[in-house]
């Protein structure tokens, strides 16, 4: 490691950032409330880092419009506020059939589900899944709409499941059905999903969020397809199936991150398990240095109301304190009445929570301690981890932001894993790397061509940060460089400098 000798003691007096930045990223689902150019621009300016397209709704034409608008925003925006694109597959959903009008279900009432198509009577409705009969047993609890209503299975025939209503309510058309503690035997990637995945390849999206992943096999299958299509798209499994929990380690190991999809997870498993599973999934992703998104119901009340409940505010703060990379809005921004206010609430709550976690005057609880390399052969990956840990501690001690130059993104990802107190400004000359880094906690990705002259590259990076008012002249920065294609040397190198910002 190298360090610049012009570091002076007044470096520790500067603020962590010229302007504090939110480190936890925000994923916004785009829908009828937000699918215009004006709204996408406003969402990005308010705090959106990832635009999510839910393929359960809309068609390719409407999603194409959103993709084009996000790409237009990224092309025109030069201040480092990159918006990544996530395509969320519909997955193997079991739904009730169409109804001419809603049916009121009362506690104790007998009600049936049949695999016969087109049935809609006051006590029987169709389901869209032929194996529903074989998946359900007497004594099972059916949850409708994620638990808004529940029915106990009493018996079944060759084509009908007979139930009694436990918790009643208004049954509408095409409601989602879960069996508590069980997952449907449908494939994780359906024929519709494959068409949507191909659509994503054609449009160069950045992430796939894959619904109802049960094991690592489906991840390997999708990655093999992407490799054959020469598509550089990362795969984020949605952990929402009861069957996925025993396979959690292997699923995340095969993937590029994970999403805690709490809606269906809480329907298939007892709801009291969800907070513990959320913590476990976040911890597992962090141990593998992969991004994790916490999703579902974070500001559900803001679909219809301009202010959140206090419990929702606490929910956001807990996800931030548990060190999630990103938190997600679904119906709040897709079809809610107050999409911009919802993003603003998420932004301000995350920022305020982070201010209590990343106080550089205290020992940051989220910064991993360097580990002794005992009983292991010394290797490049271990050197990179040690280097990332020391770079983080140096930046925290001197209270400086970090600048990293990266061609593939690995050092920026590693630094994000160590959760430095200040912002990581990741300069890259690859558009795909810039887009992908938009999901990682604390990283501001900036696209810039690298010069053959390392000092010129550094000077241009500093100028861009000054122009964007991300820092001020006279501040200090921790400059991190690592990898086989370093801008500073031809050969592989690990390199730290602390420099004073000068025009």
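If I model a spin label as a point 7 Å beyond the Cα along the Cα-Cβ vector, how far apart are those points for residue 148 and residue 71 in nm?
Those two pseudo-labels are separated by 3.6 nm.
If a paramagnetic tag sat 7 Å from the Cα of residue 155 along the Cα-Cβ line, which residues of the stretch 96-111 would have the backbone N under 17 Å from that point?
The answer is 109-111.
Do you know the relative contact order of the chain, to the nearest whole percent, from alpha carbon pairs under 8 angstrom that are 6+ apart?
Values: 1076 pairs, mean separation 89.0, N = 503.
Value for the chain: 18 percent.
Please give the helix 339-357 orientation as an angle from the longest Cα principal axis of the chain, in degrees from 0 to 90, rounded to the nearest 10.
50
Mind sorting out which of (1) 158; (2) 182; (3) 224 is the real volume of the Cα convex hull per residue in Å³ computed from the coordinates?
Recomputing volume of the Cα convex hull per residue in Å³ here gives the entry labelled (1).
What length, rounded to one decimal in nm, is gained on full extension from residue 98 through to residue 384, with 0.36 nm per residue of separation minus their alpha-carbon distance?
Details: separation 286, 0.36 × 286 = 102.96 nm, distance 5.61 nm.
Length difference between fully extended and current span is 97.3 nm.
How do 311-323, 78-90 rank on mean C-beta neighbours within 10 Å, highest first? Could you put the intermediate results ahead of the total?
Working: 311-323: 18.8, 78-90: 21.5.
Going by the mean number of other Cβ atoms within 10 Å, highest first, we get 78-90, 311-323.
For Cα pairs less than 8 Å apart in space and 6+ apart in sequence, what is the mean separation divided by the residue count of the stretch 215-276, i.e. the relative contact order in percent? Write out the running numbers ahead of the final one.
Details: 66 pairs, mean separation 22.3, N = 62.
Computed over the stretch 215-276, the figure is 36 percent.
For Cα pairs less than 8 Å apart in space and 6+ apart in sequence, what is the mean separation divided by the residue count of the stretch 103-179, i.e. the relative contact order in percent?
On the way: 162 pairs, mean separation 28.2, N = 77.
Averaging sequence separation for qualifying contacts and normalising by length gives 37 percent for the stretch 103-179.
Quick one: if you stick a label point 7 Å off each Cα along the C-beta vector at residue 225 and residue 62, how many nm between them?
Label at residue 225, label at residue 62, 2.3 nm between them.
In nm, to one decimal, how far is the residue 138 label point from the residue 273 one, both placed 7 Å along Cα→Cβ?
2.5
Find how much the distance from residue 194 to residue 311 grows on full extension, using 0.36 nm per residue of separation minus their present alpha carbon separation; answer in nm with one decimal. Kindly include the intermediate steps, with their values, before the conclusion.
Details: separation 117, 0.36 × 117 = 42.12 nm, distance 3.80 nm.
Separation in residues times 0.36 nm, less the Cα-Cα distance, equals 38.3 nm.
In the chain, what percentage of the DSSP-assigned beta bridges are antiparallel, given to the nearest 5? Write out the running numbers ahead of the final one.
Values: 33 of 75 bridges.
Within the chain, antiparallel bridges account for around 45 percent of the total.
Could you state the angle between the C-alpha long axis of helix 310-321 and the longest principal axis of the C-alpha atoms of the chain, as a value from 0 to 90 degrees rounded to the nearest 10?
It works out to around 50 degrees.
Can you tell me the order of 450-462, 335-347, 136-148 when each peptide is scored by its average per-residue count of other Cβ atoms within 10 angstrom, highest first?
Details: 450-462: 15.3, 335-347: 21.3, 136-148: 17.3.
Those peptides, ordered most packed to least, come out 335-347, 136-148, 450-462.
Cut-off is 10 Å between beta-carbons; in what order do 104, 411 appear when sorted fewest neighbours first?
Numbers: 104 10, 411 25.
Least to most surrounded, the residues fall as 104, 411.
Read the figures in this text as sums done on the coordinates, not as results from a lab. What you are looking at is a predicted structure, and each value in this text was computed from that prediction instead of being measured. In this analysis, Cβ positions are derived from the backbone assuming ideal geometry, glycine residues included, and neighbour counts consider all displayed protein chains.
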